[in-house]
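Engineer: I am attaching a structure below and will ask some questions about it afterwards.
The values are calculated or read from the model by the stated rules, or taken from the named source; none is laboratory data. Please read these numbers as outputs of a predicted model, since none were measured by experiment. Virtual Cβ from ideal backbone geometry, glycine too; neighbours counted across all protein chains shown. The accessibility values were calculated without ligands, DNA or RNA, using every heavy atom of the protein model including side chains. Shrake-Rupley method; radii C 1.70, N 1.55, O 1.52, S 1.80 Å.
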Amino acid sequence: MTSVPNTASSIQGGVLYVVATPIGNLADLSERAVQVLTKADLVACEDTRHTQKLLQHLGLRKVLLSVHDHNERDRIDQIAGHLREGRSIALVSDAGTPLISDPGYPLVQALRAQQLNVVPVPGPSALITALSAAGLPTDRFLFEGFLPHKAGGRRDRLQPLANETATMVFYESKHRILETLAIMAEVFGAERGACVARELTKTFETFYHGSLGDIALQLQADDDQTKGEFVVMVAGNPEPATASAFDTAHLFRLLLAELPPKKAAAIVSDLTGENKKALYQQALEIQGKV
Ligand code: SAM
């Protein structure tokens, strides 16, 4: 366990500060984030050009170190070395909170394993910003981040969530928003409650609230509304199928008398919302093939 005294104005050497930055509105940058960025010896960032613009806005000139998905593991030793030599480093991503669907996890994990100090400087995140104004239950929620790019992969990720009772939160881009809403309506039902938050904290911030089917229609009706950045929130299933409602072993015995294991597993997965691959394995076991 490591700890550093945490007062607003004390920026310590030998610490990696994980600094949240705005998701659109520069006025959302916290006073403490500005202090850390001002005093840090180095700024580790996802995209140097992007962060340079933020620093220019603050009138700061800093030494930048790029840390992105492709070089992050190679940077760990270098950053750990800087921290051991007593330098302070601010880690930022292009927008919002680093590590939340952004680079930084391998770095923070490695620094913690080496007993080095990591201090969060909290601020905006699209996930919490969207949830806070969506009007969906927030007592329990499940953050699912980005879905796979291919439609089939997205369906496979969503299927096991059909019986989830907590609010589900997804990040989505303009390229896939309409297709994702259509797949969600298919998997969760077009009547399932949802909220889509677009362009949060920016000039054209818009919230769509209603059923998945309605929201998809509203977005389809206006090309401009499919531009920008999106957070998709889906209400939990109000009437989840309970495990006892389906005796999967019994279902398999009935289906396997007529169908190959793959087809049987697909049907049981549709009925129960359980993972297709795990069910296929179960089907093979029931058939005595493994
Ligand atoms: N680290 C960021 C955070 O804390 O929210 C998320 C980074 S992730 C690479 C970018 C995704 O977050 C976007 O594709 C979008 O789904 C969501 N996002 C970021 N800014 C947003 C905004 N202003 N409005 C809506 N969604 C946003």
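Engineer: Please go through segment 67-88 and give me each residue that is crowded, with 19+ Cβ neighbours inside 10 Å and either within 16 Å of the ligand (Cβ to nearest atom) or under 25 Å from K202 (Cα atoms) (or both), ordered by number.
Structural biologist: V67, E72
Engineer: Any residue in segment 211-240 that's on the phi > 0 side of the Ramachandran plot: show its pairings with residues that are assigned to a strand (DSSP E or B) at Cβ separation under 9 Å, as long as the two are six or more apart or on different chains.
Structural biologist: Between residues of segment 211-240 that are on the phi > 0 side of the Ramachandran plot and residues that are assigned to a strand (DSSP E or B), the close pairs are G228/R198; G228/T206.
Engineer: Which one of these is within 15 Å of the ligand (Cβ to nearest atom), open to solvent by 20 Å² or more (accessible area, probe 1.4 Å) and either under 23 Å from T97 (Cβ atoms) or assigned to a helix (DSSP H, G or I) (or both): E172, E144?
Structural biologist: On the way: E172 fails: open to solvent by 20 Å² or more (accessible area, probe 1.4 Å).
Only one candidate qualifies: E144.
Engineer: E191 - would you say it is under 22 Å from T226 (Cα atoms), in a loop (DSSP other than H, G, I, E, B) and touching a strand residue (DSSP E or B) at 6+ places or on another chain (Cβ under 7 Å)?
Structural biologist: Considered against the rule, which asks whether it is under 22 Å from T226 (Cα atoms), in a loop (DSSP other than H, G, I, E, B) and touching a strand residue (DSSP E or B) at 6+ places or on another chain (Cβ under 7 Å), E191 comes out as yes.
Engineer: Checking E191 against (1) over 30 Å from Q281 (Cα atoms); (2) within 16 Å of the ligand (Cβ to nearest atom): exactly one of these is not met. Which one?
Structural biologist: That leaves (2) as the condition not met.
Engineer: Which of the residues belonging to segment 94-129 are within 12 Å of the ligand (Cβ to nearest atom) and either of a type in the set (A, V, I, L, M, F, W, C) or open to solvent by less than 10 Å² (accessible area, probe 1.4 Å) (or both)?
Structural biologist: Across segment 94-129, the qualifying residues are A95, G96, P98, L99, I100, G104, A126, L127, I128.
Engineer: Would you please name the residue that is least open to solvent (accessible area, probe 1.4 Å), looking only at residues in segment 227-239 that are within 13 Å of the ligand (Cβ to nearest atom) and outside any strand (DSSP E or B)? Spell out how you get there, then give the answer.
Structural biologist: Residues of segment 227-239 that are within 13 Å of the ligand (Cβ to nearest atom), as a first pass: 227-233.
Of the ones still in play, those that are also outside any strand (DSSP E or B) are 227-228.
Working: K227: 107, G228: 26 Å².
Across segment 227-239, the extreme among qualifying residues is G228.
Engineer: Okay, next question. hydroxyl-bearing (S, T, Y) and within 11 Å of the ligand (Cβ to nearest atom): does that describe T167?
Structural biologist: Here the answer is no, as T167 does not meet what is asked.
Engineer: On to the next question. When you look at G59, is it of a type in the set (G, A, S), surrounded by fewer than 18 Cβ atoms within 10 Å (Cβ to Cβ) and not in a strand (DSSP E or B), yes or no? Walk me through how you get there before you give the answer.
Structural biologist: Details: of a type in the set (G, A, S): yes; surrounded by fewer than 18 Cβ atoms within 10 Å (Cβ to Cβ): yes; not in a strand (DSSP E or B): yes.
Judged against the criteria, G59 is a match.
Engineer: Taking the residues in segment 194-215 that are open to solvent by 10 Å² or more (accessible area, probe 1.4 Å) and in a helix (DSSP H, G or I) as candidates, determine which candidate is farthest from the ligand (Cβ to nearest atom).
Structural biologist: Looking at residues that are open to solvent by 10 Å² or more (accessible area, probe 1.4 Å) and in a helix (DSSP H, G or I), I get G213.
Engineer: Something else about it: From the list L64, L54, L91, which one is buried (at least 17 other Cβ atoms within 10 Å of the Cβ), without any contact (Cβ under 8 Å) to a residue 40 or more places away in the chain and within 16 Å of the ligand (Cβ to nearest atom)?
Structural biologist: L54
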